[in-house]
Amino acid sequence: MTTYSLMSGGEKLVTADTFSVINPSTMVTVGESPKASIEDLNSIIKEARKAFTSWSTTPYEKRQQYINQIADTLETHSQELASIITQEQGKPIGAPLGSMFEMGGAAAWTRYTASLELPVKVLQDDENGHIELHRRPIGVVASITPWNWPVMIAIWHIIPAVLAGNTVVCKPSPYTPLSTLRMIELINRVLPKGVVNSIAGGDELGAAISDHIGIDKIVFTGSTDTGKKIMSSSSKSLKNLTLELGGNDAGIVLGDCNPDEIVPGLFWGAFINNGQTCAAMKRLYVHRSIYKEICDSLTAFAKSVKMGDGFADGAELGPIQNKMQFNIVNQLVKTSIQQGGKVLLGGPLDSEESLFFPVTLIAVEKNDNALVQHEQFGPALPIIPFDTVEEAILLANDNSAGLGGSVWSNDKQAAAKIAGQMECGTVWINKHGAIQPNAPFGGIKSSGLGVEFGEEGLLANTTIQCIFS
């Protein structure tokens, strides 16, 4: 069994304690993660602050070269890291949207980000004076990542922060720390000492990071409730924040659609990573004229998708990653049925011997159903009929979340008009969840603050300095 290490100032840090990480497919321990103390955290942040002085003054072109070397490293070690992801997270290694896909995305995001520029902007140059707008690094950035895409989301946090001249302390989820710790160990072979550091442990570390005077910015991906706690505790030192929080994405299917043509896209838009994705479709609104056809076609398609261990041949979906999330999904499905939902496929489980939860489709008539209003973050999808476009928009917007949404129609002009009325940060037409490194991504309402990706995401890791001359 492998024991993993923290990285502090370019060196491995040995902790007094460790904790076991469990494979959700087999419930067997797959590795030991270091468990850091508050003293360890203080030491690691000190190393990051020390490294900031030289890293922040490293020429931008040189930092771009380092980032491209990180992309090379991710590609070289993609099979190793994908295997660790599958062991601790559960997603199938070879599935189209599995752990090798995650590693491909991590490398692609890294290489694209390295191509971005931070030019000086001249605001004024005339007889009255010369004004330049410069982008400066913020300082030490804390990255707090979730358990659903452990390497790719860490890359989303780390790479733009480092490129902008910041140093980083990354804390992965205690459910899936191993792949992130190994990835940070590997990229420390490329970067100067102390630029990227790692910390692992329980929730007490996250609270300590939020309150720590040595942290200048926090990038967090996770639940809305935790995001609110981070925002509250970080206010004491007025930390810069980027928060990508919970989503409850709505999909709207108009009556002109051909069910057989769109059902594969609907299914994978909802069940990517077994529904354990912030921007997965969590609610599906279908025009009543094709409601039954969509329900029947989705049910038939779902039956053809293989669920199993992440290393099994042909597995396309894995387990729910942890018991807490399993219980949330199971209870929401039970409550939905009690409130009138009709099971089309799957359904709640009485036995809790494993974390495999069947793909579940529920026909729901009312928007106040628990499975509609609350983010399930798992393999259960409510399908709700509507009669008019105006009704569909009202139903879709009747939720506190505002991360993503989609519109499905043969009339792209009509779909675009509906998209403009949806209250969310991203809207897709005839697809769902297709994020890209060149397009800013973030939520509104209770789904977060700020954006990631692209130029806007890079700028979020900087402060502005204007120089008058």
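The values are calculated or read from the model by the stated rules, or taken from the named source; none is laboratory data. Not measured: the values here are computed from a predicted model. Every residue, glycine among them, receives a Cβ derived from its backbone with ideal geometry; neighbour counts consider all protein chains shown. Calculation scope for accessible area: heavy atoms of the full protein, side chains included, ligands and nucleic acids excluded. Shrake-Rupley method; radii C 1.70, N 1.55, O 1.52, S 1.80 Å.
Here are some notes:
- The residues of region 258-289 that are part of a helix (DSSP H, G or I) and in contact with a His (Cβ under 9 Å, 6 or more places away or on another chain), listed by number, are GLY265, LEU266, TRP268, GLY269, ALA270, ILE272.
- Taken over region 250-274, the criterion of being farther than 27 Å from SER25 by Cα and either of a type outside the set (Val, Ile, Thr) or open to solvent by 40 Å² or more (accessible area, probe 1.4 Å) (or both) is satisfied by ALA250, GLY251, LEU254, GLY255, ASP256, CYS257, ASN258, PRO259, ASP260, GLU261.
- Scanning region 351-369 for residues that are over 22 Å from ARG288 (Cβ atoms) and surrounded by fewer than 24 Cβ atoms within 10 Å (Cβ to Cβ) yields SER351, GLU352, GLU353, SER354, LEU355, PHE356, PRO358, VAL359.
- Restricting attention to region 137-191 and to residues that are aromatic (Phe, Trp, Tyr) and surrounded by fewer than 24 Cβ atoms within 10 Å (Cβ to Cβ), the residue that is farthest from THR57 (Cα to Cα) turns out to be TYR175.
- Residue selected from region 301-316 under the condition under 24 Å from ILE384 (Cα atoms) and in contact with a helix residue (DSSP H, G or I) (Cβ under 8 Å, 6 or more places away or on another chain), by the criterion least open to solvent (accessible area, probe 1.4 Å): ALA302
- Enumeration of residues in region 416-430 that are open to solvent by 40 Å² or more (accessible area, probe 1.4 Å), closer than 24 Å to GLU455 by Cα and not small (Gly, Ala, Ser): GLU423, VAL427, ILE429
- Test for PHE386: is it crowded, with 19+ Cβ neighbours inside 10 Å and more than 24 Å from the chain's Cα centre (by Cα): yes
- Output for region 32-56, where each listed residue is more than 22 Å from ASP203 (Cβ to Cβ) and either in contact with an Asp or Glu (Cβ under 7 Å, 6 or more places away or on another chain) or touching a residue at least 40 places away in the same chain (Cβ under 8 Å) (or both): LYS46, GLU47, ARG49, LYS50, ALA51, PHE52, SER54, TRP55, SER56
- Scope region 434-452; condition more than 18 Å from GLY402 (Cα to Cα) and touching a residue at least 60 places away in the same chain (Cβ under 8 Å); matching residues: PRO437, ASN438
- Positions within region 109-136 being open to solvent by less than 50 Å² (accessible area, probe 1.4 Å) and under 24 Å from ASN438 (Cβ atoms), in sequence order: TRP109, THR110, THR113, ALA114, LEU116, LEU118, LEU133, HIS134
- Qualifying residue in region 209-226 (condition: open to solvent by 10 Å² or more (accessible area, probe 1.4 Å), more than 21 Å from SER446 (Cα to Cα) and not acidic (Asp, Glu)): yes
- Some residue of region 82-97 being touching a Cys at 6+ places or on another chain (Cβ under 9 Å) and either assigned to a strand (DSSP E or B) or at pLDDT 95 or above (or both): no
- Single residue of THR145, THR113 found to be hydroxyl-bearing (Ser, Thr, Tyr) and out of contact with any Lys or Arg (no Cβ under 8 Å at 6 or more places or on another chain): THR113
- All strands (runs of 3 or more DSSP E) inside region 290-400 with 2 or more residues being free of Cβ contacts under 8 Å to residues at least 60 places away in the same chain: 342-345, 360-363
- The residues of region 237-257 that are modelled with pLDDT of 95 or more, in a loop (DSSP other than H, G, I, E, B) and within 30 Å of VAL286 (Cα to Cα), listed by number, are LEU245, GLY247, ASN248, LEU254, GLY255, ASP256, CYS257.
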